[in-house]
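S.K.: This is the structure I have questions about; it appears just below.
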């Protein structure tokens, strides 16, 4: 039962003490692969190829693919968003700290979600799908709010910087907060699903939305605007 019909494939079973879906089990897959490649040296299996299967191995492969897609997606999204913001806002400085605020919000949201699901609820960790989908959704939504505010701010670029920012926040604050509350309710409807990946993605996006709408946009962005002054529109600003 452990040999193929032509006696060219031998099968061995490994039973883990860990939950097959746990982070420990996924790490064990790579360890097992390394040990098998190591111990087959100087044996009749030296020229054979060891292939791992099973639930843990499948999830490990999915995580590796997801990590590769995540890195590529992050690079493309940030580059694309930066180019669009430069064209839309006529600035290189503003896109830099707007994207920085989004990245900071994303990692903070991931940290809060890990505290909730790992430290409080006792899960093994965030699932492999969370970083990828949470980043895409949070970045897409957050950059919309940034454009709402900064595009209105650009309309008053010839006025005093402080007054221009305050006016833009007064006019767009209600719109941004309303959008955050509505989207928050939409993602909140995903929480009763009971599916761990959906729960975690919804939590990251919810935390990120309110963090960005109530802290980053009203506090961090105005500080950056005030700090750079007229340099906000570098190198397109005309004296």
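S.K.: If we count other beta carbons within 10 Å of each Cβ, what is the order of 236, 112, fewest first? Kindly include the intermediate steps, with their values, before the conclusion.
M.R.: Details: 236 11, 112 16.
With the fewest neighbours first, 236, 112 line up as 236, 112.
S.K.: Let me ask something additional. Taking other Cβ within 10 Å of each residue's Cβ, how do 234, 128 sort, fewest first?
M.R.: Values: 234 12, 128 19.
Lowest to highest Cβ neighbour count: 234, 128.
S.K.: To continue, here is another question. How fast does region 91-233 diffuse by Stokes-Einstein, in µm²/s, taking the Kirkwood radius from C-alpha pairs at 37 °C and 0.692 mPa s? Numbers along the way, then the final one.
M.R.: On the way: Rh = 15.9 Å.
The estimated diffusion coefficient comes to 206 µm²/s.
S.K.: For a distance above 18 Å, tell me the whole-number percent of Cα pairs in region 79-169 that qualify.
M.R.: Details: 2224 of 4095 pairs.
Considering region 79-169, 54 percent of its Cα-Cα pairs are separated by more than 18 Å.
S.K.: What angle do you read, to the nearest 10 degrees and between 0 and 90, between the alpha-carbon axis of helix 55-89 and the longest principal axis of the chain?
M.R.: For helix 55-89, the angle is close to 20 degrees.
S.K.: Can you tell me the 0 to 90 degree angle between the C-alpha axis of helix 93-114 and the longest principal axis of the chain, rounded to 10?
M.R.: Here the helix axis deviates by roughly 50 degrees.
S.K.: May I ask for the equivalent-ellipsoid semi-axes of region 10-91, computed as the square root of five times each C-alpha gyration tensor eigenvalue and listed largest first in whole Å? All intermediate terms of the calculation are to be shown ahead of the outcome.
M.R.: Working: eigenvalues 354, 50, 15 Å².
Largest first, region 10-91 gives 42, 16, 9 Å.
S.K.: On full extension of the chain, what length is gained from residue 48 through residue 179, given 0.36 nm per residue of separation minus the C-alpha to C-alpha distance?
M.R.: Values: separation 131, 0.36 × 131 = 47.16 nm, distance 5.82 nm.
So the extension gain works out to 41.3 nm.
S.K.: Rounded to the nearest 0.05, what FRET efficiency do residue 227 and residue 68 have when you use their Cβ-Cβ distance and R0 = 22 Å?
M.R.: On the way: r = 37 Å, r/R0 = 1.68.
Efficiency, from the Cβ-Cβ distance: 0.05.
S.K.: Can you tell me the FRET efficiency between residue 219 and residue 197 if r is taken as the Cβ-Cβ distance and R0 is 25 Å, rounded to the nearest 0.05?
M.R.: Working: r = 32 Å, r/R0 = 1.27.
So, using R0 = 25 Å, E works out to roughly 0.20.
S.K.: Which residues does the label zone of residue 90 cover in region 208-231, counting backbone N under 16 Å from a point 7 Å along Cα→Cβ?
M.R.: In region 208-231, the label zone of residue 90 (backbone N under 16 Å from the point 7 Å along Cα→Cβ) covers 230-231.
S.K.: Now a separate question. Over the chain, with a Gaussian network built from C-alpha contacts below 10 Å, which listed residue (18, 106, 212) shows the highest mean-square fluctuation?
M.R.: With Cα springs under 10 Å in the chain, the top fluctuation among 18, 106, 212 is at 18.
S.K.: The chain: D in µm²/s via Stokes-Einstein (Kirkwood Rh, Cα pairs, 37 °C, 0.692 mPa s)?
M.R.: Diffusion coefficient, whole number: 155 µm²/s.
S.K.: Using Cβ contacts closer than 10 Å as the measure, can you line up 224, 150 from fewest to most? Intermediate results must be reported in sequence, preceding the final value.
M.R.: Details: 224 17, 150 23.
Least to most surrounded, the residues fall as 224, 150.
S.K.: So, R0 is 41 Å and r is the distance between the beta-carbons of residue 22 and residue 159; what FRET efficiency does that work out to, to 0.05? Can you show the working numbers first?
M.R.: Details: r = 57 Å, r/R0 = 1.39.
According to the calculation, E is roughly 0.10.
The numbers here are math on the coordinates, done by the rules we state, and not lab data. Here the structure is a predicted model, which means the values were calculated and not measured. A quick note on method: Cβ atoms are made from the backbone with ideal geometry, for glycine too, and the neighbour counts reach across all protein chains shown.
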